1. Considering only protein heavy atoms and a 1.4 Å probe, what is the carbon-and-sulfur percentage of the accessible area of the chain?
2. So how much slack lies between residue 341 and residue 131, counting 0.36 nm per residue of separation and subtracting their Cα-Cα distance, in nm?
3. Give, as a single signed number, the net charge of other residues whose beta carbon lies under 9 Å from the beta carbon of residue 186, with Lys and Arg counted +1 and Asp and Glu -1.
4. Taking H as built 1.01 Å from N, whose amide H comes closer than 5 Å to the amide H of residue 180, not counting residues under 5 places away?
5. Once you have the alpha carbon radius of gyration of the chain, what is it after dividing by 2.2 N^0.38 Å, with N set to its residue count?
6. Please return the longest stretch of the chain lacking exposed loop sites, where GluC sites (Glu not before Pro) count only if DSSP places them in a loop and at most 13 other Cβ atoms lie within 10 Å.
7. Could you derive backbone 3J(HN,Hα) for the range 126-138 from the dihedral phi with the Karplus parameters 6.51, -1.76 and 1.60 (θ = phi - 60°), listing whole Hz in sequence and x where the residue is Gly or Pro?
8. Between helix 227-239 and the chain, what is the angle of the helix's C-alpha long axis to the longest principal axis, kept within 0 to 90° and rounded to the nearest 10?
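The values are calculated or read from the model by the stated rules, or taken from the named source; none is laboratory data. No experiment lies behind these values; they were computed from the predicted model shown. Here the Cβ positions follow ideal geometry from the backbone for every residue, glycine too, while neighbour counts run over all protein chains shown. When the accessible area is computed, the model is the full protein with side chains, heavy atoms only, and any ligands, DNA or RNA have been set aside. Shrake-Rupley method; radii C 1.70, N 1.55, O 1.52, S 1.80 Å.
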Amino acid sequence: MKKQRHPQQPFKTVPVQDACGMTIAHDMTEIVPNKSKGPAFKRGHRVQAGDICRLMRMGKNNLYVLDLNENQVHEDEAVFELASALAGPGVEFAATPREGKLELYASYPGLFRVNVDALTEFNMLDDVMCASIHTNTAVNRGDSLAATRAIPLVIDRDHLDQATAFAKSAYPIFSVSMFNPLKIRLAIIGNEVYDGLIQDRFQAIVEEKTARLGAQVLEVNILPDHQARITAQIRDYMAKETDLIITTGGMSVDPDDVTRESIEAAGFDEVHYSAAVLPGAMFLLGYTRDTTIMGIPACGLYHRTTIFDLMLPRIMAGERPGKRELASLCHGGLCRNCATCRFPDCSFGKSI
C-alpha cells in the first residue's frame, strides 16, 4: 500500500546562491569516499558567503526554509519523543541528534532484549523508523543498541503521536537486564581427567567466560564417570545455595557417559536435553526453584564458541529458557567455524 504524500510541504526552496544569512533547517551530510561521512553544516547554522562554494561542491543547489504550523514537528524534536518511547530500563540516548538520528546506548553491562514483534510493527507506521542490534546480545555500558529517526524532515504531529503511543503500549521495546552475580559451582566429569591421564582444560574456559560477565566460580570438583558420585556432588552443590551448577563432559551417547542420568537423579524439576545448535547439540539445561544446571558437552573444549556462549548470558540475566527457546535457536544455530572468530558480531545464535 502506497504511503500518502503530504499535500502541502512545510518549506520553501531557496537557491543556494541566494541563501546568505539564512538559517539551515537540518543537518547537511557530506560524504568523502573512503574517508568520512557526517554533517558538514548543522541545523541552525547561518549561511555565510564562504559556505556557498562548499555547499555547491556537495551538490546542494537549493536549501530549505521552514515555515511550520502547530501540527508539524521538525525531525530533531520528533526524534527525542521517539527515543523516549522506545527506551526501557537500562537504555539511554544521546543528548543531541546527529543528522536527524538519535542513538540508544546501554546504561550498564547486561543482556540486551528486544520485543522483536513490536519493533517490526513500529516500523510499519508512517514516517518513522528504528533499527537495532540483535536481541539477547550481551552488551557493555555505552554500547550502541539502536538508532531511530523520523523519515521526513518534518513529520505530522498525528503520525508522531501514533508512533510514540504504540511504542509506549508495547513498553519496553528495548531494555537491558543486569547480569546477576550468581554463585557458580563447577563439576568436571570424565575418567580420563579424574585418573590424571589428561590435564583438564574446561575449568579455565568456564572461569574465563563467567568472569567476562561479572561472575566467579566458587568451587570446582573433578569426578569420574560414576553416576552415584556425580549425583551426590550435584546435591552437595544444591545444598550450598548454588545459583548455577555447570557440568562438563559425559553428555554424549557413549556407554561411559552418565552425566545426564546423574543430573536427572539429583532431583531437578525440569530438564531439557539437546539444543538446535552446532556445536552444542547435546547440551543440557535444568531447573529447580532456586538452582539452574547447565551440562556442557565435550565440544566446549574444541570450539571457541558454542551453545554455552548463547545461554550463559541469558541465565545470568535471570531468564529460564525452556525447550522452545532451545529449539528456536535452529535458525542461526550453525556456527560457521570461521578462521578468525568474530562472535558475537556474526550470525551465530541470531534467529532473525
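1. C and S atoms contribute 50 percent here.
2. The residue 341-residue 131 span can extend by a further 73.1 nm.
3. So the environment of residue 186 carries a net charge of -1.
4. 317, 318
5. 1.33
6. So the longest stretch without any such site is 71-240.
7. Here the 3J(HN,Hα) series is 5, 6, 9, 8, 7, 10, 9, 6, 6, 5, 6, 9, 6 Hz.
8. Taking the Cα atoms of the chain, the angle to 227-239 is about 50 degrees.
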